[in-house]
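**Student:** Quick one: structure below, then a few questions.
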Amino acid sequence: MTKKTIFPVSRVHEPLRVDVEIQNGQVVDATVGATLFRGFENMMIGRDPRDAALLTQRICGICSSAHAIAAALALQQAFNLQPTPNGQHLMNLIFAADIIQNHIRHFYVLAIYDYVKGPNMPPYTPRPEGDYRLPQKRNEELLAHVKEGMLKAMRAHEMLAIFGAKIPMQQTILVTGVTEQATVDRISAYKSILHELMEWVQNVHLYDVAVLTDYYKDYYTIGSSKGNMISYGMFPQPITGRREYSSGIMFAKGEVQPLDINKIGEDIKYSWYQGDTMQRPQEGTTIPDRNKADAYSWVKAPRYAGHALEGGPLARAWLSGKYQRGTGVMDRIITRAQETLKICQLAEEWLAQLSPGGPTHTPYTSVMQGEGIGLTDAMRGGLGHWLRIKDSKIDHYQIVTPTTWTFSPRDQQGQRGPVEDALLGTPVANTEDLIEVGRIIRSFDPCFTCAVHMIDAPTDSPAMII
């Protein structure tokens, strides 16, 4: 049996340690550990709750608007308020632009080099010497699209800034809407970039994904999860609150069931936090214990009724019934690209529903006491903010991020998280490269800046990079 440590895993958002055991050319065991400590929940205590949408965005630069949305939703519940119709549409448009940039960036910056071979020069080298299967012409074609993809992701950020003022960490989302106005000029500017992106996703992005799936058909089964899916839903409609993407859960690719948030808890048996029992986010704590026996990750282990669940574009596609091919690497890449186009189309509809010059937010005041839960899907899956207000200050704040769900460690029952489980059985051609492991990990689009927040590099064993 061969044991390998991969640290850091390159082309993911921040440090991630993966330990795998390989026997007879297959991964037979795996642990996935986050080497950063998240301190934001503790930082929020004692703050003015009205600052939550601004402060929690600093958790992550790649998906900051998702935290603004989750915080705003939690405050809407605590304050018993809702956005104006224009305000809700603008919140959705800001969030949509951020998801579009993330999905494009994931493919053209983080994932594509698992399959497309760059020139023999930095930053394309060193690289794993794996099975790059594309014919030279196709390889060069997709490689030429990489720069376009980076520019399109940048354009999506520019589109977001039209109503969000800046990015990362937009500045305009409030509890009751958005401070920016929906003027004719701004609507036109957003629409112009949106149409540019929509055309490019249809003609280039989806084409490139189709090329990859044609040459890597075995990756429809490699990296497969159990088909346990979760979504909080996202993009509420004005007034009704009905979400464009509905919430739900699914076990083993079965029937879609309604989501019950009271069944969500976080196991910390193998996480570097004080305690061993399952904690509900409403009462959970974030007290670090780096010397905890048997622990190997700063990520907690979220569970739904005791089950480990996967979120993200693949989960949303399965739960909506619009995709049911599989749960492997290529399935995640396909559904992320398809979702990019779908969100472009939704944004076009919201633009048409805006009332130029109409109110985008209403004045509001904070409350002395209150509780709120803000649930939304983000780029990578379900994001939840749980807060409690006492004496006009934040008294409790807990955040469960998408990466925490998918990259969770084992729980008290020894149940692996979705990524650890998906790595089992992975065929490995060369134990010195492990490109296959990297492809699986990056297909989940991890974001550990969201999950944890202090580096702790491993020193107990030699590590490799993929």
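**Student:** With every protein chain in place, what's the accessible area of D208 (1.4 Å probe, Å², nearest 10)?
**Tutor:** About 0 Å², rounded to the nearest 10.
**Student:** Report, in order of residue number, the helices in the chain meeting two criteria: a C-alpha extent of 18 Å or more along the helix axis, and a mean Kyte-Doolittle hydropathy of at least -0.5; treat each whole DSSP H run as one helix. Show your work: numbers first, answer last.
**Tutor:** Values: long enough: 64-79 (22 Å, 0.98); 85-105 (30 Å, 0.00); 136-164 (42 Å, -0.32); 184-200 (24 Å, -0.08); 329-353 (37 Å, -0.03).
Going by DSSP H runs, the hits are 64-79, 85-105, 136-164, 184-200, 329-353.
**Student:** Turning to a different aspect of this structure: Considering only protein heavy atoms and a probe of 1.4 Å, how much of the accessible area of segment 1-140 is carbon and sulfur, as a whole percent?
**Tutor:** Answer for segment 1-140 is 49 percent, counting heavy atoms of protein chains only.
**Student:** Could you do me a favour and compute the accessible area per residue for the chain, 1.4 Å probe, result in Å²?
**Tutor:** Working: 17570 Å² over 466 residues.
Normalised by residue count, the accessible surface of the chain is 38 Å².
**Student:** In deg cm²/dmol and to the nearest 500, what is the mean residue ellipticity at 222 nm of the chain if only DSSP H runs of at least 4 residues count, each as -39500 (n - 2.57), divided by the residue total? Provide the component values of the computation, followed by the final result.
**Tutor:** Working: 13 runs with 159 residues, N = 466.
Theoretical 222 nm ellipticity from helices: -10500 deg cm²/dmol.
**Student:** How much of the accessible area of segment 358-426, in percent, comes from carbon and sulfur atoms when a 1.4 Å probe is used?
**Tutor:** Working: 1060 of 2140 Å².
On segment 358-426, the fraction of accessible area on carbon and sulfur atoms equals 50 percent.
**Student:** Loop only by DSSP, 13 or fewer other Cβ within 10 Å of the Cβ. Give me the GluC sites (Glu not before Pro) in segment 37-146 that pass, ordered by residue number.
**Tutor:** Working: sites: E41, E129, E140, E141; in loops: E129.
Sites meeting the loop and neighbour criteria: E129.
**Student:** Normalised by the number of residues in segment 235-340, what is the relative contact order in percent for Cα pairs under 8 Å and 6+ residues apart? Intermediate values should be presented prior to the final figure.
**Tutor:** Working: 127 pairs, mean separation 21.9, N = 106.
The normalised contact order for segment 235-340 reaches 21 percent.
**Student:** Taking K and R as +1 and D and E as -1, what net charge do the other residues with C-beta under 13 Å from the C-beta of I173 add up to? Write down the numbers at each step before the final one.
**Tutor:** Details: positive: R50, K166; negative: D51, D98, E180.
Taking every other residue near I173 into account, the sum is -1.
**Student:** Using the per-residue mean of other Cβ atoms lying within 10 Å as a proxy for protection, in what order, highest first, do the peptides 111-118, 61-68, 4-11 fall? Write down the numbers at each step before the final one.
**Tutor:** On the way: 111-118: 21.5, 61-68: 24.5, 4-11: 18.4.
Packing order, densest peptide first, comes out as 61-68, 111-118, 4-11.
**Student:** I've got another one for you. What's the center-to-center distance, using Cα atoms, between segment 249-263 and segment 71-120 in Å?
**Tutor:** 24
The values are calculated or read from the model by the stated rules, or taken from the named source; none is laboratory data. Fair warning: this is a prediction, and the values are worked out from it, not measured in the lab. For neighbour counting, all protein chains shown are included, and Cβ atoms are generated from backbone atoms with ideal geometry for every residue, glycine included. The accessibility values were calculated without ligands, DNA or RNA, using every heavy atom of the protein model including side chains. Shrake-Rupley method; radii C 1.70, N 1.55, O 1.52, S 1.80 Å.
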